[in-house]
Amino acid sequence: MTDLLDIVGSTVDETIERLNAKKFTPDPIAGQHFSRIVSLMSSAYKRHGYIIEKAILEQLRLCPDLEAWEDREFQVSDAADHVINTAISTPESLDETNLTYQNGQRTLQVDAIVFDKRDNSLKAYEIKRGYGLHDAGKRRSIFRDILCTKVLLKSYGQQRGFEPTSVASHIIFYYGKLSIPRPYALTKDDLDEHFRWEVLAPVEGINDHFRDRLFQILSA
């Protein structure tokens, strides 16, 4: 059986190599040693989000009941933007809204799109580290984007050869700082039940590997 570390370990190692090679200017107060630690940790926080994102997607791909992929250019049509702009304060009104997926004026990066063969559901996910809250403007923007994804998702799936009986769109705030309300938001503790597949333990194994490698270069 393929282990998640076999798939994602090289991404962690490459990230550590880039961090270790990072150039920085020592702060006159902190000095060389502590400036290096601050610089490395600041960069590590930012890059850790991508590691979590990749680990979750690859773990979902290991489930035989799921088909999972990412889409870096999910098209958002003007029609979708218009519908969401008028309904963003009442998102429940969009439950039965399904628009035609077509080329749009803008695109979104969707971190994971998952078709579940057990119930023919199709769901889209943005994955964030979720250890800090966004400001009001950013919250509205990310909420608007996942609603746009949701109303286009059924048509999108049909164009890829699926026949989804239900669609949904979520943001995973891994460490639990929710910038949008449930049920649109998930945390790491929701993942196993949500996907009906073990996700948390393997992803935490990747986090442990990243932490161990990071501490190695911090102590060098």
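The values are calculated or read from the model by the stated rules, or taken from the named source; none is laboratory data. Here the structure is a predicted model, which means the values were calculated and not measured. Neighbour counts are summed over all protein chains in view; Cβ atoms, including those assigned to glycine, are modelled from backbone coordinates with ideal geometry.
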### Search result, residues across the range 30-57 that are of a type outside the set (Gly, Ala, Ser) and touching a Ser or Thr at 6+ places or on another chain (Cβ under 9 Å)
Arg47, His48, Tyr50, Ile51, Lys54
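One line per residue, one yes/no per condition, for (1) farther than 17 Å from Val114 by Cα; (2) within 15 Å of the chain's Cα centre (by Cα); (3) not assigned by TED's automatic domain parsing to the domain that holds Ala112:
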position: Leu178; (1), (2), (3): yes, yes, no
position: Leu186; (1), (2), (3): no, yes, no
position: Leu214; (1), (2), (3): yes, no, yes
position: Ile217; (1), (2), (3): yes, no, yes
#### Entry: Residue count, the range 26-64 (criterion: under 16 Å from Asp3 (Cα atoms), without any contact (Cβ under 8 Å) to a residue 60 or more places away in the chain and polar (S, T, N, Q))
0
### Message
Quick check on my filter: what residues within the range 1-57 are of a type in the set (Phe, Trp, Tyr), surrounded by fewer than 14 Cβ atoms within 10 Å (Cβ to Cβ) and under 19 Å from Arg129 (Cα atoms)?
### Response
Tyr45
### Query
Counting only residues that are loosely packed, with under 15 Cβ neighbours inside 10 Å, out of contact with any Gly (no Cβ under 9 Å at 6 or more places or on another chain) and in contact (Cβ under 8 Å) with a residue 12 or more places away in the chain, how many does the range 74-87 have?
1
### Query
Among the residues of the range 179-187, is any over 25 Å from Glu96 (Cα atoms) and either buried (at least 18 other Cβ atoms within 10 Å of the Cβ) or not basic (Lys, Arg) (or both)?
yes
### Query
So which pairs qualify, if the first residue must be in the range 162-187 and hydrophobic (A, V, I, L, M, F, W, C) and modelled with pLDDT of 95 or more, the second must be crowded, with 21+ Cβ neighbours inside 10 Å and assigned to a loop (DSSP other than H, G, I, E, B), the Cβ gap must be under 6 Å, and the two must be at least 6 apart or on different chains?
Phe173/Gly130
### Task
Answer yes if at least one residue in the range 116-125 is of a type in the set (Ser, Thr, Tyr) and not in a helix (DSSP H, G or I), and no otherwise.
yes
